[in-house]
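As structure tokens, the structure follows; a few thoughts come after it.
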Amino acid sequence: MLSWSYGGAAVSVVLQLGYTAWTARVAPHSAFGAYAIALTVTQLPGLIATAGLATCVLRAERLSRALLRSALRLSMLTGVACWVVVEFAAPWCAVLWGMPELALFIRLLGCQYLVAPTGCVLLAALRRAGLPGYAAVAELTGQVAGCVVAAVVLTRTGSAAALGLALPVAAFTTFGLSVCGSAAKLVLARDSGAPSGSLLGLSGFLTGFALLRTLAASAPLWVAGRLLGPGTAGLWSRAQMLSDVPVNVLLRGLNQAAVPLLADRRSQGLPLTRPAQHLLYAASAGFVAFGALAGAGPAALALLLGPGWGGAVALVPAFAAWAALQVVYAAGCSLDLARGARRDLIRAQLVVLVVTGVGLIGAVGWREPLPFIVTGVAGLAVGHVVQLVRWHRTDTLDAGGVGRAHLTHFAAGTMLAVAGHWGDRALGGLPGAVLAMSPVLLGCLLLRGRLPAYQAAAEIGLLRRPGRREKQPETVPMPRP
């Protein structure tokens, strides 16, 4: 499951970066700003449409026909209801943000909810049944179809509204493939039970929690777009894209791989301490990865987008820090969800929301987007500290070890970011940034045995410890007759 999740994630990152680089040269800045706000606005009803049902299916102790049937019925009802709400709310959103083009983007993006919730449930069922390969191929095929259709329409018509076609086309394509795969490959046991009530209760909690997370993550962009205009929102969206594409794919892969594993261990009565420790160590490695992005990302984004996007390039390091904190915080949420600590989930998220809100109040007077980004970073940082304190008090894991892992990976990521920034300025462009980062990368490679993420991967057998060779089986000489 890990190989399929992260293999599909890598291909998806390349596809989305290529598609974004091409559209940035065709569509204007203001169109990207309206599109970015439309994406975040439609996420809110989208969370109600999916209702956390895919997560319920993934973490189910036993996947049965009754469970899947109930999840499919709920997803169809919530999907259609949310599509109706989006269509009626689109004009009001355009008036609120003062962007007339926003209404069309919202209506186009809302069409995906006619089939996307049901498709997500079917893909989760395929993964839970041990068929992650087919699910990954279906998702990737849908993304390719969406990008191709949007690119063709944008080329033929020249209308920026074509940007809003990619997600609906991807949703309908993935839905068709998931229906075919489920009909042909899923073999479920008959179950006379009717889990709709319990499923609705759990999905309702997950939906409410996801709404709080989306509100905290989207509020900085909403406020910045309203106060600074669609041009600034366009720069924000293109800068955030460079970190959002990999972080969203990584979080989806982490959720698809970790949640079923933790659910299985919990159903078998096995302790979660070691898997939880490994999960947080793996998420902590994001400080190294996004530190490299902060160093080489500005030059890479300038190369991808072309001239005219200097304001977006300057925001890349801040979004890289935001992305690294998103990964560790989301991993903590997955852990709390797996151990059934709903109060801890809500407590940490409310802290994130309050810190972000207070920061946005202080950033209102600024005329540049960086202070608004810092509020999101501060909210996640404080929220993750609350998670660590709670884990320490409940003996869930070695919170001190996780904190030391964060500091170790953060130090490595900071050195990569500083080296890349210097190389970009002194040596020139992306080759200079990569060249300056090479000594730091070599040092990380040589000292990889001291990195907690590498140690955790070696402990569970994914990687071999440096300097150790596998023992060859001893041969005992046989006496001659």
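The values are calculated or read from the model by the stated rules, or taken from the named source; none is laboratory data. Just so you know, these numbers come straight off a predicted model, no measurement behind them. Heads up, the Cβs are rebuilt from the backbone with ideal geometry, glycines too, and the neighbour counts pull from every protein chain shown. When the accessible area is computed, the model is the full protein with side chains, heavy atoms only, and any ligands, DNA or RNA have been set aside. Shrake-Rupley method; radii C 1.70, N 1.55, O 1.52, S 1.80 Å.
What tally of residues in region 234-246 results from selecting those that are under 20 Å from the mean Cα position of the chain (by Cα) and within 14 Å of V313 (Cα to Cα)?
Keep residues of region 234-246 that are under 20 Å from the mean Cα position of the chain (by Cα), which gives 236-246.
If we keep only those that are within 14 Å of V313 (Cα to Cα) as well, we get 236-243.
Total satisfying the criteria: 8.
Out of all the residues in region 313-320, is one or more open to solvent by 10 Å² or more (accessible area, probe 1.4 Å) and in a loop (DSSP other than H, G, I, E, B)? Talk me through it step by step, then tell me what you get.
Residues of region 313-320 open to solvent by 10 Å² or more (accessible area, probe 1.4 Å): 313-315, 317-318.
Retained after the next criterion (residues that are in a loop (DSSP other than H, G, I, E, B)): 314-315.
Within region 313-320, one or more residues are open to solvent by 10 Å² or more (accessible area, probe 1.4 Å) and in a loop (DSSP other than H, G, I, E, B).
Is there a residue in region 189-206 that is within 23 Å of R127 (Cα to Cα), modelled with pLDDT of 75 or more and surrounded by 20 or more Cβ atoms within 10 Å (Cβ to Cβ)?
No, region 189-206 has no match at all.
Those residues that are of a type in the set (G, A, S), part of a helix (DSSP H, G or I) and open to solvent by less than 40 Å² (accessible area, probe 1.4 Å), I need them from region 211-230; list them, please. Show your work before the answer.
Within region 211-230, the subset of a type in the set (G, A, S) is 216-219, 224-225, 229.
So of that shortlist, the ones also part of a helix (DSSP H, G or I) come out as 216-219, 224-225.
Correct list: A216, S218, A219, A224, G225.
Could you check region 119-147 and list, in sequence order, the residues that are over 28 Å from G164 (Cβ atoms) and either outside any helix (DSSP H, G or I) or of a type in the set (G, A, S) (or both)?
Those that are over 28 Å from G164 (Cβ atoms) and either outside any helix (DSSP H, G or I) or of a type in the set (G, A, S) (or both): A125, A129, G130, L131, G133.
Identify the single condition in (1) more than 19 Å from the chain's Cα centre (by Cα); (2) in a helix (DSSP H, G or I) that Y281 does not satisfy, given that it satisfies every other one.
Failed condition: (1).
If you check A150 against the conditions, is it more than 20 Å from the chain's Cα centre (by Cα), small (G, A, S) and open to solvent by less than 20 Å² (accessible area, probe 1.4 Å)?
So A150 fits the description; yes.
Would you check if there is a residue in region 414-429 being surrounded by fewer than 22 Cβ atoms within 10 Å (Cβ to Cβ), outside any helix (DSSP H, G or I) and touching a Leu at 6+ places or on another chain (Cβ under 9 Å)? Spell out the reasoning first.
Initially, region 414-429 is screened for residues surrounded by fewer than 22 Cβ atoms within 10 Å (Cβ to Cβ), giving 414-415, 418, 421-422, 425-429.
With the extra rule that they be outside any helix (DSSP H, G or I), the set shrinks to none.
There is no residue in region 414-429 that is surrounded by fewer than 22 Cβ atoms within 10 Å (Cβ to Cβ), outside any helix (DSSP H, G or I) and touching a Leu at 6+ places or on another chain (Cβ under 9 Å).
Can you name the number of the only condition in (1) modelled with pLDDT of 75 or more; (2) open to solvent by 40 Å² or more (accessible area, probe 1.4 Å); (3) not in a helix (DSSP H, G or I) that E61 fails?
In the conditions (1) modelled with pLDDT of 75 or more; (2) open to solvent by 40 Å² or more (accessible area, probe 1.4 Å); (3) not in a helix (DSSP H, G or I), E61 misses (1) alone.
Quick check on region 9-47: of everything there that is of a type in the set (V, I, T) and at pLDDT below 75, which residue is most open to solvent (accessible area, probe 1.4 Å)? Lay out the reasoning, then the answer.
Restricting attention to region 9-47, the residues satisfying the condition of being of a type in the set (V, I, T) are 11, 13-14, 20, 23, 26, 37, 40-42.
Still in the list and also at pLDDT below 75: 11, 13.
Numbers: V11: 74, V13: 30 Å².
Only one residue tops the list, namely V11.
What are the residues in region 335-368 that are open to solvent by less than 20 Å² (accessible area, probe 1.4 Å) and either outside any helix (DSSP H, G or I) or among the aliphatic types (A, V, I, L, M) (or both), if any?
Residues of region 335-368 that are open to solvent by less than 20 Å² (accessible area, probe 1.4 Å), as a first pass: 335-336, 338, 341, 344-345, 348-349, 352, 356, 360, 363.
L335, A338, A341, L345, A348, V352, L360, A363, listed by residue number.
Matching residues to (1) in contact with a strand residue (DSSP E or B) (Cβ under 6 Å, 6 or more places away or on another chain); (2) free of Cβ contacts under 8 Å to residues at least 12 places away in the same chain; (3) not in a helix (DSSP H, G or I); (4) not hydroxyl-bearing (S, T, Y):
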position	(1), (2), (3), (4)
A71	no, no, no, yes
M76	no, no, no, yes
G79	no, no, no, yes
E87	no, no, no, yes
P91	no, no, no, yes
M99	no, no, yes, yes
R107	no, no, no, yes
Y113	no, no, no, no
